[in-house]
Structures are given as structure tokens and as C-alpha cells.
Amino acid sequence: MKPFVDKLVTQLSSVIFDKDDEILMALTCIFSEGHLLIEDIPGVGKTTLVQALAKLLSFNFSRIQFTNDLLPSDIIGNMIFDQDLKQFKFFEGPLFSHLVLADELNRANPRTQSALLQAMEEFEVSQDRKTYPLPKPFVLIATQNPKNQIGTFPLPESQLDRFLMSMELNYAKKESELKIFQGQDVRGLIKNLMPIIDHKTVIEIQKEAQKIYLSPSIAEYIFLILDHSRKNSQYSPLSTRAGLSLSKSAKTLAYLSDRDFVVPEDIKKLAPYVLGHRLGLTEGVKVGNKMVTDILNQIKIPV
């Protein structure tokens, strides 16, 4: 791993216990200019992870608590009449940050959920016939509750497909939970974290990562995965965007691993995170991950 990655993982591991793989995947997602969906029950460290990421990457951070009465303007911002200028002026909403935590996204109604689509795809928002660019870099990390919890609205396929990656955090090991029960102040630990890189460096890393070489055989491997889902009715057919997400994140993982080329193991490692939510859909990430494993087991790696 590159030295800055080791530092980031070490610091994040001090506040998010037993989650080294998930931490690396979250960093891979950010350095791939992607958005991350975390699906799990409340209280397993989702918010803590996002706050720590913002601190270590020196990102401006905002948190939006999604509820069923939240309106699109509560997220994007509003046109408000300025008495001094005698005209309407756009006042930015909490979406205008480097890192936005959309907490419990599936508790909001579909109209409010859809307000994020333009931001996630085009990194800009429209209001009153004008377009406003979002800060660079812009990363949305959303959490969603399991579908069987009361008061949730399933995310549509179009929105799920705009998340580069998804994951579950799950519980920490017994020893780590015991430390938390005994009074280890995680919030205090986050406050003491110091930035390791700044947001301008993040942009440079995002550009450098996409220069990594992806061979024709790896491209063929990605296509075979997509094609298998399209030819078997038990799976939701994977889009071209899904393949692009897999190739983009594979280049980033290779870069962070201090390699200048993608290997098949990168694809295997990333596939559950990149494809799980796209295959699981309303059934959730856990079901989707099982489908990914089934597909990978049925495909031979091209030589």
C-alpha cells in the first residue's frame, strides 16, 4: 500500500474497530470519485466512519437526517428574497459540502430521494432554472436501514446504480465492543484526529488513479460478469455503468496498492462492493453479495 493509505487505515482503525477491509473500500470509493451506500442497522459505526473520513481528508462535512417530511429544497437550498439587493438570491443547502452524509436515506419519500440524482451524476444541482456546481471533490455517503424496518421507502434502481459501491459494517468483535462498553470515548478520538491529506491532494489522487493500466483480458472479465447477469433471469441485468464502476474502482485499488496495472484479484475483491446493491436491489446488499459470489464462481478468468 502507498504510505498515505497505511496512515489513513491506521487512523481510521483507531475509531472504527475491526473494519480494515471496509475502510479500504471506503477510501477506494472516495478516490474513484464515487458515492458509497452503507446498509446496516443503527448503531454499528456508520456515522463515526464518515465523520472520521471527513476529518482525515480535511473535507467540509455536512450531515442530513432524512425523514419522511424532508423536502428537496431542505437539501439543495432555496431562493430567498434579499431585501438589500431587492432580488431573489440562492442560499446553498447542506448538499454544498465536500463530504455529505445522507443519514437513513430510505426514510425520505421518493421525491426527496430523487433530488440527489443530478448531484450524484453531474456534481451540480439546478434551482429556479439555474445550475450551481458542487464543491470539488464531492462525495455522498448514504446510510439506509434494512427494508424490514418501519417507515422506509425502497431506493429505485436508478438511484442505486449511481452509488459506486455499497457495504455492510456489521458488528465489531467481542474485545472491541467490551472496550466501548467500558467507556472508550470514540467521539473524543475523532476530535483528536489530524488531517493526513487535504482535499486538493484527493483530487490529484483521483486523476492519477485513472491512469492505471487495465488490460483487454481484465476488460473481458468485467464484460463476462455483466453478460452473465444479463443472460440469467434470476439476476437483475447489470448496466454498462456497473461495468464502468468496476473498472474505475479496480484502477484505484491497484493505485492504492502501489501497482500500475489491474489484476483479476482486484476485480474479485471489489465485485461484491460494486455489484452487490445493483443485484440485491430491494432485497438488500447481503442478498446481492451472495449473487455476486455465485456469478464469480461460474466465470473463468480470461487469459
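Let me check I've understood the local charge: for Lys19, count other residues with C-beta under 11 angstrom from its C-beta, Lys and Arg +1, Asp and Glu -1. What total comes out?
Details: positive: Lys46, Lys173; negative: Asp18, Asp20, Asp21, Glu22, Glu168.
With Lys, Arg at +1 and Asp, Glu at -1, the net is -3.
For the pair Gln234 and Lys300 in one chain, pulling the backbone fully straight at 0.36 nm per residue adds 21.8 nm over the alpha carbon distance. Estimate the FRET efficiency between Gln65 and Leu189 by the formula 1/(1 + (r/R0)^6), using the beta-carbon distance for r and 25 Å for R0, to the nearest 0.05. Efficiency, rounded to the nearest 0.05: 0.65.
When the Gaussian network model of the chain links Cα atoms closer than 10 Å, the mean-square fluctuations of Ser233, Ser249, Ser257 top out at Ser233. Within the listed set Asp266, Asp161, Asp227, the Gaussian network model of the chain (springs between alpha-carbon atoms below 10 Å) gives the highest mean-square fluctuation for Asp227. With a cut-off of 13 Å between beta carbons, the residues surrounding Leu134 carry a summed charge of -4, where Lys and Arg count +1 and Asp and Glu -1.
With charges only on Cβ, +1 for K and R and -1 for D and E, what is the dipole size of the chain about its Cα centre, in debye, rounded to 20?
With Lys and Arg at +1 and Asp and Glu at -1, about 160 debye.
Which net charge results for the neighbourhood of Phe153, defined as the other residues with beta-carbon distances under 15 angstrom from its beta-carbon, given Lys and Arg at +1 and Asp and Glu at -1? Within the 15 Å Cβ shell, the charges total -2. Computed per residue of the chain from DSSP H runs no shorter than four, each worth -39500 (n - 2.57), the mean residue ellipticity at 222 nm is -14000 deg cm²/dmol. If R0 equals 30 Å, the separation of the Cβ atoms of Thr131 and Leu224 corresponds to a calculated FRET efficiency of about 0.15. Projecting the Cα positions of Ala219, Tyr235, Ala209 onto the charge dipole of the range 209-255 (unit charges on Cβ atoms of Lys, Arg, Asp and Glu, taken about the Cα centre) puts Ala209 furthest along the positive direction. Length gained on full extension, Glu283 to Lys147, computed as 0.36 nm times the residue gap minus the Cα-Cα distance: 48.2 nm.
FYI, it's all coordinate maths here, none of it is from the lab. For clarity, every value in this text was computed on a predicted model and none was experimentally measured. For neighbour counting, all protein chains shown are included, and Cβ atoms are generated from backbone atoms with ideal geometry for every residue, glycine included.
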